[in-house]
Amino acid sequence: MSNVSELSSNRSAKALLNVALILLAGAASTIFAADTAAQNEPTPAPISFSRDVAPILAKKCLTCHGPEKAKGGYRLHIFELMLKAGDDEIAPIVPGKPEQSGLYRRLITKDDEDRMPQKDDPLSAANIGLIERWIREGARFDGSDPKALLTSIIPQGPHPSPPTTYRQPVPLTAVAFSPDGRELAVGGYHEITIWDPSSGKLLRRIKNVAQRTQSLAYQPRGSFLAAAGGSPGQAGEVALFNPVEGSLVKVLGTMSDMVLSICFSEDGTRLAAGGADNAIHLYDVASGKEQLLIQQHADWVLAVAFDQKGGHLASASRDRSARIYDTKTGELEMTYADHGAPVFGIGFSGDGKSAYSGGRDKKIHVWNIKDAKKSGELSGFEEDIIKLLVKGDYVFSCSADRLVRQHDAKERKLVRTYSGHKDWVYTLDYHPATSRLATGSHDGEVRIWSTEDGKLQTVFVAAPGYLTADSSK
Ligand code: HEC
C-alpha cells in the first residue's frame, strides 16, 4: 500500500486515488483472509513454489527486494535472481537444506535487525513452515519461466461474485464500445457489465473479474474483450474475456498492484498494459506470452497507446513524463518532459507522427515523436485532464472539471463541449461508425452522446439493480 501513502494531497491525485481506494476496505480484506486460511490448512501434497511460496514473497518482500529497490544487494522478483546471493554472500536457497539457506535463516532469526521482512511482523509460523518445507523438498521451481516476474506465475483463483444488486454505484473508470458499436462494456465491482448504448438496458454481466476494472479494450479484428485492474496495493491483472458468452478466456498476467491502462495494437495481435508497477508489459495475444517488459518510468504508468501502424507505443506516467518506444525491441525512443506535472492520458495522431498528451497541467500538448518538440497545445481546461482518446479526426478528453471535450486533431480547435455530468469524468470511448461517444463519471453515471449534434442520447447508472431517487426510466 506504499503507493497510496506516498501520494500528494493534491486534488487530482485524489481523483485517481479515490477510484482506487473506494472499495479497498471490504473486498480486499476478505481476499486476504481467504488466502491466509488456505495457507494455514495442513497440505500433504508437495509444496508448490508458484502456488504456495511466491504469494508470500510477493506480498511481504517485493517492496525492498524488487524491480525498484534491492536492499542488501538482493532481489527476488524473478526466480533466477532469488537464487543469487546479495551483499552477505550467503546462498539464499540451498535445495534440501533450509538451515543453510540464507533466506530461510533471515525469516527465523531472533535478531530484529536481521529478521525479514524488515520493519514488519515476522511471517506466520504457517508461512515459515511452507517455505521451510519447500526448501527441504528440493526448492523446485514449478512455474512456466524462471525468468518471469514472480507475480506473473502466481495462479489466480476465481474472483468473488459481484453483488446481485448494487446499494451504491461504483465510480466508472472504464467504458468501451464493441467493434460493431451495439454494446458498451463498463467496469463494475468484480464484474464487467454489458449495456445496450441506445436504450441503456443491461444485456449481460461478466463474472470472475478483478475487484476494480481500470481499463477495457475490445480486440480489433478479433473476439476478445481485454480488462485490466486489480485491488489497490494488493494485486493487478490483465485478462481476456469472451464478451458474448461472458466468460474468462485467459489471464495474461498478474502483478502485485493495479494495472491501470491497456491498449491493443491496431491489428489486434498485441496488447500493452501499464500500471502501478511502473512498467509496461507487452503480450502476444494468441499465445498469451509476455514478449516485452519495458521499465522506463519512475512512477505509475497511467496510460498506454499504440500508433496505427503498430510500430510505436506511447506511455503517460505520474513521473511527469510521456515516452515513445519501438514496439519490436521495446527500446525507448523519446521522452517528453514538458508537462512538468503528472501525465494521465496519451494518444497518437492518425499518421503516427505526433503525440497528444495531457494531465495535471490542464493542457493537451501536441508534440513530434521524432524529436519530442512541442508543436502546439489545446487549452481551456479548468481541471486535470484524466483521459484522452485520439480516434478518427478527433481528440476526445475528459476532465475533473466535469466536461468532455472534442477537438479537431488537425486543426487543433475545439469542436464541441459535452456538459451535464455532475461529477468528475474519468473515462470515455468513441465509436466513429455510429457517431457515438460514451462517457463515465465518478458518480457511476454513463452518458451516451451523439457526436453529430452533441445531443445526449441516453443516461444510465451502470450498477445493476441500483435505483436512483429520481429514476425516471
Ligand atoms: C522494509 C524493507 C525490507 C523488506 C520488506 C524485506 N527486506 Fe530483506 N533486507 C532488507 C535490508 C535493508 C537488507 C540488508 C540489510 C541486512 O543485511 O540486514 C535485507 C537483506 C535481505 C537478505 C540478505 C541478502 C544478502 O545476501 O545480503 C535476504 C535473503 C532478505 N533480505 C530476504 C527477505 C525476504 C525473504 C523478505 C520477505 C519475507 C524480505 N527480505 C523483506 C530490507 C527488507
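Bear in mind these aren't lab numbers, they're just calculated from the coordinates by the rules spelled out. Since the structure is predicted, the reported quantities are computational estimates derived from the model, not experimental observations. Heads up, the Cβs are rebuilt from the backbone with ideal geometry, glycines too, and the neighbour counts pull from every protein chain shown.
Work out the length of the dipole vector of the chain about its Cα centre, built from +1 on the beta-carbon of each Lys and Arg and -1 on the beta-carbon of each Asp and Glu, and round it to the nearest 20 debye. Could the numbers behind the result be given before it?
Values: 55 positive and 57 negative charges, 141 e Å.
Using Cβ point charges on Lys, Arg, Asp and Glu, the chain gives about 680 debye.
Treat the count of other C-beta atoms within 10 Å as a stand-in for reagent exposure and order Ile90, Ile324 from fewest to most. Walk me through the numbers before you get to the answer.
Numbers: Ile90 14, Ile324 22.
Sorted ascending by nearby Cβ count, the order is Ile90, Ile324.
Determine the relative contact order of the chain: mean sequence separation of Cα pairs under 8 Å and six or more apart, normalised by residue count, in whole percent. Show your work: numbers first, answer last.
Values: 1158 pairs, mean separation 45.7, N = 473.
Taking the mean separation of contacting Cα pairs over the length of the chain, I get 10 percent.
Suppose the chain between Lys413 and Asn368 were pulled fully straight at 0.36 nm per residue; how much longer would it get relative to their current alpha carbon spacing? Don't skip to the end; give the middle numbers.
Numbers: separation 45, 0.36 × 45 = 16.20 nm, distance 1.81 nm.
That pair, Lys413 and Asn368, stretches by 14.4 nm at full extension.
Using only C-alpha positions, report the orientation-averaged shadow area of the convex hull of the chain, nm², one decimal.
Details: hull surface 88.9 nm².
Seen from a random direction, the Cα hull of the chain projects 22.2 nm² on average.
Quick one: what do you get for the stretch 260-337 if you divide its Cα Rg by 2.2 N^0.38 Å?
Details: Rg = 11.2 Å, N = 78, 2.2 N^0.38 = 11.5 Å.
Normalised Cα radius of gyration, the stretch 260-337: 0.97.
Quick check: pseudo-label points 7 Å beyond the Cα along Cα→Cβ at Leu202 and Asp111, how many nm apart are they?
Spacing of the two 7 Å Cα→Cβ label points: 5.9 nm.
DSSP loop GluC sites (Glu not before Pro) in the stretch 335-389 with at most 12 other Cβ atoms within 10 Å of their Cβ, which ones?
Working: sites: Glu377, Glu382, Glu383; in loops: Glu382, Glu383.
When the GluC sites (Glu not before Pro) of the stretch 335-389 are filtered for loop state and at most 12 Cβ neighbours within 10 Å, Glu382 remain.
Under 13 Å from a label point 7 Å along Cα→Cβ of Asp267: give me every residue in the stretch 197-228 with its amide N that close.
So the set is 221.
State the percent of C-alpha pairs, over all pairs in the stretch 132-225, separated by a distance greater than 21 angstrom. Walk me through the intermediate numbers first.
On the way: 2148 of 4371 pairs.
When all Cα pairs of the stretch 132-225 are counted, 49 percent exceed 21 Å.
How large is the helix-only mean residue ellipticity at 222 nm for the chain, computed as the sum of -39500 (n - 2.57) over DSSP H runs with n ≥ 4, divided by its residue count, in deg cm²/dmol to the nearest 500?
-3500 deg cm²/dmol
R0 = 25 Å: FRET efficiency of Thr335 with Glu89, Cβ-based, nearest 0.05?
My answer for the efficiency is 0.10.
Once label points are set 7 Å from the Cα along Cα→Cβ at both Val244 and Gln295, what is their separation, rounded to one decimal in nm?
Taking the simple label geometry, Val244 and Gln295 are separated by 4.1 nm.
Which aspartates and glutamates, if any, have their Cα less than 16 Å from the Cα of Lys147, not counting same-chain residues under 8 positions apart?
Partners found: Glu80, Glu290.
In the structure shown, do any of Lys309/Lys413; Lys59/Lys97; Lys362/Lys387 have a Cα-Cα gap over 20 Å, and if so which? Show your work: numbers first, answer last.
Numbers: Lys309/Lys413 25 Å; Lys59/Lys97 24 Å; Lys362/Lys387 11 Å.
Table pairs above 20 Å Cα-Cα are Lys309/Lys413; Lys59/Lys97.
Mind pulling the angle between the C-alpha long axis of helix 11-21 and the longest principal axis of the chain? Nearest 10 degrees, somewhere in 0 to 90.
60
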